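Bear in mind that the values in this text are calculations on the coordinates, not laboratory data. In this text the structure is predicted, and so the values were computed from the model without any measurement. So basically every Cβ, Gly included, is an ideal-geometry build from the backbone, and we count neighbours across all protein chains shown.
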Amino acid sequence: MRSVLLPLGLAALCFNPSFAQQYATSGGADPASALRITANLTTEPAAPLTLQSALDLALAASPTLSAAAREVEAIEAGIVQAGARRNPEVSLFADDTQRSTRETTLLFSQPIELGGKRGARIEAAERSRDSALAELAATRAEIRGNTIAAYFEVLASQERLQLAQSSVDLAGRAREAAAKRVTAGKVSPVEETKARVAESAARIEFNQAKSELAIARNRLSAVWGNPVARFERAEGAVDELPPLISSDDLNARLQIAPALVRARREVERRRALTEVERRRRVPDITLSLGARRNEDLGRSSAVFGVAIPIPVFDRNQGNVLEAVRRTDKARDELSATEIRLASHLSAVQGRLDAARQEIQTLRDEILPGSQSAFDAATKGYQLGKFSFLEVLDAQRTLFQARSQYLRALAGAQRSVAEIEGLLGQASLLAPTVGSP
């Protein structure tokens with residue numbers, strides 16, 4: 001009996017020489033990697049914040065990005081498992097309860113996969129890894145886009161606060177000028193009252209702009225996990241826009257957009273899973289080797305066996321059909337993604353072009369004209385040629401034009417951020433248009 005069992009035990013240990021190594025690889029964890037993920041110590045400095053610093057902070061501390069990276073690591077382990085071979089089995093049979101007449105059979109059985117099932121499993125696992133990597137890239141692009149949008153919202157809010165402060169200063173000077181003219185007896189005290197009301201309204205707008213800036217700052221810092229912003233201010237010019245990109249270049253970049261790549265990888269993964277189900281239609285065989293001991297005769301004999309399933313009823317036809325239909329679904333979703341991204345990109349590019357034209361008109365025509373009209377009205381009021389209502393009207397027109405200019409710039413930057421989120425192209429952020 002021992003002479004029969006010893007070779008069987010050696011065969012079981014030596015059947016897959018890399019089993020122990022694969023087990024250690026799949027079961028072990030990287031303590032340094034786990035520490036990097038779980039110990040989130042990212043905090044922005046109290047100094048002025050640049051766009052690149054904000055992006056670095058967001059990408060380093062985003063839990064969403066960390067979760068996507070963990071999924072890739074999990075699928076890597078799944079590839080190891082997909083390459084594992086079937087485990088052997090040991091069976092013991094006893095034919096009688098009486099020891100003197102008992103017949104005992106010990107079998108060592110090894111299932112053998114046929115039809116390339118193992119290779120198909122590995123291929124499907126690798127395609128799943130590609131899909132997870134595409135998901136990681138799409139998540140990264142989305143985080144970049146959200147960070148860029150939040151960053152430029154802070155820049156725009158800073159500009160609005162400066163504009164509101166300028167409005168308060170101008171309203172204060174207008175109130176002082178009105179008070180002097182009232183003291184000199186040149187105008188009615190009613191004009192001084194109007195000036196004080198205008199100054200109070202400007203201060204209300206200043207407080208609102210200050211509150212909006214605080215909200216925008218906290219929204220940006222929340223991207224990397226800080227509920228309250230610590231940075232001093234955001235550095236940069238909100239009126240710096242990237243160059244115009246031709247439709248051909250945009251369409252070329254769209255073909256490698258993260259969301260589109262992710263949809264393509266999903267189609268490939270579904271095809272690989274379909275192939276796995278097709279391979280499963282081929283039945284596996286089980287080889288058995290063992291020994292039988294007949295106590296009544298007092299002798300042992302070797303036992304050999306082969307088990308082959310007969311695919312009469314279950315040919316895995318349902319799973320194959322399901323996998324084929326899911327592949328068709330993935331193709332349809334790929335087509336829908338192409339149409340959706342192209343439509344979205346066209347709409348965003350249209351908004352960006354319209355914002356550029358509005359910015360150009362405001363910068364070249366409306367803002368200089370409004371400033372000139374306000375300066376003339378202020379000087380004329382001091383000389384007694386214009387009423388205070390004309391000064392207020394000119395001031396209101398000037399600040400409305402400046403506010404419209406900031407809104408157009410903020411809209412353009414939001415469009416840039418949307419394109420960044422769609423295409424995942426950092427080159428879109430290279431500013432070439434400076435301040436006027």
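Please give the helix 2-14 orientation as an angle from the longest Cα principal axis of the chain, in degrees from 0 to 90, rounded to the nearest 10.
20
For the chain, modelled as a GNM with alpha-carbon contacts under 10 angstrom, which of Ala137, Ala202, Ala408 fluctuates the most?
Ala202
Between the helical axis of 388-423 and the dominant principal axis of the chain, each derived from Cα atoms, what acute angle in degrees is found, rounded to the nearest 10?
Its long axis makes an angle of about 20 degrees.
Counting only chymotrypsin sites (Phe, Trp or Tyr not before Pro) that are in a DSSP loop and have at most 14 other C-beta atoms within 10 Å, tell me the longest site-free stretch of the chain. The partial results should precede the final answer.
Numbers: sites that count: Phe15, Phe313.
That would be 16-312.
Using only the Cα atoms of region 239-281, what are the Rg and Dmax in Å?
18.2, 63
Run the Debye formula on the Cα coordinates of region 115-198, all scatterers equal and no solvent, and tell me log10 I(q)/I(0) at q = 0.14 1/Å.
Log10 of I(q)/I(0), two decimals: -0.72.
With the chain treated as a Gaussian network of Cα nodes joined by springs under 10 Å, which of Lys194, Lys117, Lys210 yields the largest mean-square fluctuation?
Taking springs between Cα atoms under 10 Å, the residue moving most is Lys194.
Convert 25 °C to kelvin, take the viscosity as 0.890 mPa s, use the Kirkwood radius over C-alpha pairs of the chain as Rh, and evaluate the Stokes-Einstein diffusion coefficient in µm²/s, rounded to a whole number.
Values: Rh = 28.7 Å.
It diffuses with D of about 85 µm²/s by this estimate.
Kindly provide the pair-distance distribution of region 200-255 built from C-alpha pairs, with 5 Å bins from 0 and whole-percent values in order of increasing distance.
Taking all Cα pairs of region 200-255, the binned fractions are 4, 14, 13, 13, 13, 13, 12, 10, 4, 2, 1 percent.
Each label point is 7 Å from the Cα along the Cα-to-Cβ direction; what then is the distance between the points at Lys385 and Asp328, in nm?
According to this spin-label approximation, the distance is 8.1 nm.
As a test of the formula, what do you get for the chain when each DSSP H run with n ≥ 4 contributes -39,500 (n - 2.57) and the sum is divided by the residue count, at 222 nm and rounded to the nearest 500 deg cm²/dmol?
Working: 12 runs with 289 residues, N = 436.
Computed ellipticity for the chain at 222 nm equals -23500 deg cm²/dmol.
Between helix 317-361 and the chain, what is the angle of the helix's C-alpha long axis to the longest principal axis, kept within 0 to 90° and rounded to the nearest 10?
20
Setting aside same-chain residues fewer than 8 positions from Lys180, which lysines have a Cα under 21 Å from its Cα?
Result set, ordered by chain and number: Lys194, Lys379, Lys385.
To the nearest 0.05, how large is the calculated FRET efficiency for Ile112 and Ser346 if R₀ is 56 Å and r is the Cβ-Cβ distance?
Details: r = 56 Å, r/R0 = 1.00.
Taking R0 as 56 Å, the efficiency between Ile112 and Ser346 is 0.50.
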